[in-house]
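For reference, the structure is listed below as structure tokens.
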Amino acid sequence: MFKLLILGCLALGSAYAQANIILNGTRIIYHESKGFEAVQLTSTGADASLVQAWIDDGDVNSTPETAQVPFLLSPPIVKVLGHGGQQLRIEKTDQPVSGDRESVFYLNILEIPAFPEHLQGQNTLQLALRTRVKLFYRPSTLKSRPDFSSENIRIMAHSTGVSVFNDNAYHLTIVRIAEKNSSVEIAGSNMIAPYASLDIPGKNKLEPGTQYILTYVDDLGAYRDEVVTLR
């Protein structure tokens, strides 16, 4: 079905693409205690769009046929009317997932816009547009809050740079790390898994006590700054 939808929207000639479908957020938080999660799709265009949705476990080349995840997503294919909306429902299956930390998956939204009337009869290449956002699964056993501070983020020097440690049960999505009171940035966008670390190479010798501004993304998709001292 995935291949049929892609091939069905292709024709030889010039390219045409226009994204009309938006999601109600830049990330999805699935709480096990709730039992399901709803995702709202909204069309910003006047024409209808065909949408295919699936969840993968990190493989950007996944398709609905190859993705193997512990979730059911319905409906997998839906028509969204112009200036209308559609809700997708995500439910967890019985397949086991880690219970002592947050897990990350990805929701894929493939949009095939309606063919514009003013291009009828012309040779065009109509493109399907894919949006991919993070889906965080939080088991009910987690009691701590998904907050980050100097208590659960550590930066430590090593011989070739620094390491950032995420001492938390939640994923730490970093936007940038820069020296405090300076424009010197030592790292850009990265995500550190729970209880994992990120090695950042550095050219200069770094002294303990140096302070850094770590900018991360919170549950609402907003940027937050945290001052962390090099150890």
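Based on this model, can you work out whether LEU129 counts as at pLDDT below 95, under 23 Å from ALA53 (Cβ atoms), under 23 Å from the mean Cα position of the chain (by Cα) and of a type in the set (A, V, I, L, M)?
Working: at pLDDT below 95: yes; under 23 Å from ALA53 (Cβ atoms): yes; under 23 Å from the mean Cα position of the chain (by Cα): yes; of a type in the set (A, V, I, L, M): yes.
Yes, satisfied.
Can you tell me which of LEU72, LEU110, LEU23 is in contact with a strand residue (DSSP E or B) (Cβ under 7 Å, 6 or more places away or on another chain) and surrounded by 18 or more Cβ atoms within 10 Å (Cβ to Cβ)? Show your work before the answer.
On the way: LEU72 fails: surrounded by 18 or more Cβ atoms within 10 Å (Cβ to Cβ); LEU23 fails: surrounded by 18 or more Cβ atoms within 10 Å (Cβ to Cβ).
So the residue among LEU72, LEU110, LEU23 that is in contact with a strand residue (DSSP E or B) (Cβ under 7 Å, 6 or more places away or on another chain) and surrounded by 18 or more Cβ atoms within 10 Å (Cβ to Cβ) is LEU110.
Any residue that is surrounded by fewer than 13 Cβ atoms within 10 Å (Cβ to Cβ) and on the phi > 0 side of the Ramachandran plot - is there at least one of those in region 203-223?
Yes.
So, in region 163-173, of the ones that are surrounded by fewer than 21 Cβ atoms within 10 Å (Cβ to Cβ) and part of a strand (DSSP E or B), which residue ends up modelled with the lowest pLDDT? Steps first, answer last, please.
Within region 163-173, the subset surrounded by fewer than 21 Cβ atoms within 10 Å (Cβ to Cβ) is 163, 165, 167, 169, 173.
Subset that is part of a strand (DSSP E or B): 163, 165, 173.
Working: SER163: 94, PHE165: 98, THR173: 97.
Here the residue is SER163.
Which residues, counting only those in region 150-162, are in contact with an Asp or Glu (Cβ under 9 Å, 6 or more places away or on another chain) and at pLDDT below 95?
Residues satisfying the conditions are SER150, GLU151, ALA157, HIS158, THR160, GLY161, VAL162.
Against the definition (in contact with a Ser or Thr (Cβ under 8 Å, 6 or more places away or on another chain) and closer than 28 Å to VAL133 by Cα), how does LEU198 come out, yes or no? Talk me through it step by step, then tell me what you get.
On the way: in contact with a Ser or Thr (Cβ under 8 Å, 6 or more places away or on another chain): yes; closer than 28 Å to VAL133 by Cα: yes.
Yes, satisfied.
Starting from residues that are aliphatic (A, V, I, L, M) and within 29 Å of ASN108 (Cα to Cα), keep the ones in region 131-162 and report whichever is surrounded by the most Cβ atoms within 10 Å (Cβ to Cβ).
Restricting attention to region 131-162, the residues satisfying the condition of being aliphatic (A, V, I, L, M) are 133, 135, 142, 153, 155-157, 162.
When the remaining residues are screened for being within 29 Å of ASN108 (Cα to Cα), the result is 133, 135, 142.
On the way: VAL133: 15, LEU135: 24, LEU142: 19.
Only one residue tops the list, namely LEU135.
Taking the criterion of being outside any strand (DSSP E or B) and at pLDDT 95 or above, would at least one residue in region 196-204 satisfy it? Give the derivation first.
Of the residues in region 196-204, the ones outside any strand (DSSP E or B) are 196, 202-204.
Now restrict to residues that are at pLDDT 95 or above: 196.
Yes: region 196-204 contains one or more residues that are outside any strand (DSSP E or B) and at pLDDT 95 or above.
What tally of residues in region 177-231 results from selecting those that are under 13 Å from ILE155 (Cβ atoms), touching a Leu at 6+ places or on another chain (Cβ under 9 Å) and among the small types (Gly, Ala, Ser)?
3
Looking at (1) modelled with pLDDT of 95 or more; (2) among the small types (Gly, Ala, Ser); (3) buried (at least 16 other Cβ atoms within 10 Å of the Cβ), which is the only condition SER62 fails?
Unmet condition: (1).
The values are calculated or read from the model by the stated rules, or taken from the named source; none is laboratory data. Just so you know, these numbers come straight off a predicted model, no measurement behind them. Cβ sites come from the backbone with ideal geometry, for glycine too, and all protein chains shown count toward neighbours.
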